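See below for the structure under consideration.
The numbers here are math on the coordinates, done by the rules we state, and not lab data. If you're wondering where the values come from, they're calculated on a predicted model, not measured in any experiment. With ideal geometry, Cβ positions are generated from the backbone for all residues, glycine too; neighbour counts draw on all protein chains shown.
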Amino acid sequence: MTIIDGNKISAQLKAELKEQVEQRLNAGKKRPHLAAILVGNDGASETYIGHKVKACEFVGFKSTIVRLSSEISENQLIEEIQKLNTDKDIDGIIVQLPLPKHISEERVIETISPQKDVDGFTAVSAGKLLIGQKGFVSATPAGIVELIERYHIPTAGKHCVVLGRSNIVGKPMAVLMSRKGYPGDATVTICHSKSENLSEITKSADILIVALGIPNYVTADMVKVGAVVIDVGITRIKSDTSKTGWKIVGDVNFDEVSEKCSFITPVPGGVGPMTIVSLLKNTLEACSKKS
Ligand code: NAP
């Protein structure tokens, strides 16, 4: 069994990106610039944005955080995004989710210019992925594909089961695994909360990708011997053994499933670190398209 090391691969990718940025700057080209909108002061969102800003600094990107009050109206937030859309120095725009309940996430996301949609969340980006056109792919599925590639995991003709059908993970993941070429060419089954006989389906998976948000949901009896298991889940639960009193767990019961599978991503240190790197890659691509 091989543990897929997202920390190691993301560090390699960040080093590669840093070099590409240096080459750009040496050639007199523009420094990539990511703008992040943060509404309110949710602790988890602050942490996520903090990690993204740090990653930008590491690879040599400029980053700007636009901090807005949780009281802001939907229209005011949309105006802020429109300003960033027309700002020539900004290459990528992300809006940290979730937003306060009085704001429509859908309307806000759809305001982001598709040329700057480095999270790959807009309908234009999702549609391009679906019909096989080049565009920004949602960061977490893009990171998973990168891991599969870097570990040379065969995908053609394999049965890939995706648990979860969210717009940002499950659905794009299913599209990526079923597209033509490598990584892809898999036969994909997508499951959700209404799926019946779930463990019968998961047991037939050569590649099992789990994005539910339910800690330790996938147990050994749900997994085929030799399967590849990708755990996307991130849930913070109370812990008596950690210093902070909290720990992060995935959707897969790592201890028992790792005994049975061929490859597995740990949580933390698997898919998580790849998401930020994909965001950086998309931002560099957005910048490169301009100059
Ligand atoms: P989400 O929008 O809540 O979607 C969860 C999906 O799981 C839904 O499609 C839901 O089905 C399905 N589901 C729920 N209970 C189920 C059950 N008992 N059996 C089968 N399917 C069930 O979540 P998400 O945004 O995709 O995120 C999923 C997890 O990944 C979360 O823990 C999140 O924190 C994590 N995540 C991690 C990263 C990363 O960087 N590693 C990035 C994004 C998300 P219905 O559609 O029928 O409700």
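Give, as a single signed number, the net charge of other residues whose beta carbon lies under 15 Å from the beta carbon of Val229, with Lys and Arg counted +1 and Asp and Glu -1.
-4
So if I take the alpha carbon set of the chain, get Rg, then get Rh from the Kirkwood formula, what is the Rg over Rh ratio?
0.97
Long-range amide H contacts for Val218: which residues qualify at under 5 Å (H placed 1.01 Å from N, peptide plane, sequence gap of 5 or more or a different chain)?
Val252, Asn253
Which one of Val124, Leu163, His51 has its Cα pushed farthest toward the positive end of the charge dipole of the chain, where Lys and Arg give +1 and Asp and Glu give -1 at the Cβ?
Farthest towards the positive end: Val124.
Tell me what the chain gives for mean residue ellipticity at 222 nm when only DSSP H runs of n ≥ 4 count, each as -39,500 (n - 2.57), the sum divided by the residue total, rounded to 500 deg cm²/dmol.
-12500 deg cm²/dmol
State whether segment 29-113 is rounded, prolate or oblate according to the following rule on the C-alpha gyration tensor (a ≥ b ≥ c being the square roots of its eigenvalues): a/c under 1.5 gives rounded; otherwise a/b larger than b/c gives prolate, and the remaining case gives oblate.
oblate
Please give the contour-minus-distance gain from Leu25 to Glu259: 0.36 nm per residue of separation, less the Cα-Cα distance, rounded to one decimal in nm.
79.5 nm
Using a cut-off of 9 Å between beta-carbons, work out the net charge of the residues near Ile109 (Lys and Arg +1, Asp and Glu -1, Ile109 not included).
-4
Suppose R0 equals 25 Å; then what is the FRET efficiency for Asn197 and Ile248 from their Cβ-Cβ distance, rounded to the nearest 0.05?
With R0 = 25 Å, the Cβ-Cβ based efficiency is 0.25.
Quick one: which of Lys30/Lys83; Lys83/Lys180; Lys14/Lys290; Lys14/Lys289 span more than 26 angstrom between C-alpha atoms?
Exceeds cut-off: Lys83/Lys180.
Going highest first, how would you order 271-278, 109-116, 179-186 by mean Cβ packing within 10 Å?
Result, highest mean first: 271-278, 109-116, 179-186.
List, in order, the whole-Hz ³J(HN,Hα) value for each residue of segment 201-210 obtained from phi through the Karplus relation with A = 6.51, B = -1.76, C = 1.60 and θ = phi - 60°; use x for Gly and Pro.
Coupling constants for segment 201-210: 5, 5, 5, 9, 7, 7, 10, 10, 10, 10 Hz.
Reachable aspartates and glutamates from Lys8, Cα under 16 Å, same-chain residues fewer than 8 places away excluded?
Counting by Cα, and skipping residues close in sequence, Lys8 has these aspartates and glutamates nearby: Glu16, Glu146, Glu149.
Scan segment 128-159 for trypsin sites (Lys or Arg not before Pro) in coil per DSSP, keeping those whose Cβ has at most 15 other Cβ atoms within 10 Å, and list them by number.
Hits after loop and neighbour filter: Lys134.
Grab the other residues whose beta carbon is less than 10 angstrom from that of Met177, score K and R as +1, D and E as -1, and report the net.
Here the count lands on +1.
Which trypsin sites (Lys or Arg not before Pro) in segment 1-94 sit in a loop by DSSP (not H, G, I, E or B) and have at most 16 other Cβ atoms within 10 Å of their own Cβ?
In loop regions of segment 1-94 (DSSP not H, G, I, E or B), the sparsely surrounded trypsin sites (Lys or Arg not before Pro) are Lys29, Lys30, Lys88.
If you take the beta carbon distance between Lys289 and Val66 as r and set R0 to 22 Å, what does 1/(1 + (r/R0)^6) give as a FRET efficiency, to the nearest 0.05? Show your work: numbers first, answer last.
Details: r = 23 Å, r/R0 = 1.02.
The computed FRET efficiency comes out at 0.45.
Evaluate Rg over Rh across segment 160-232, taking Cα atoms for both radii and Kirkwood's formula for Rh.
On the way: Rg = 11.4 Å, Rh = 12.2 Å.
With Rh from the inverse mean 1/r over Cα pairs, Rg/Rh is 0.94.
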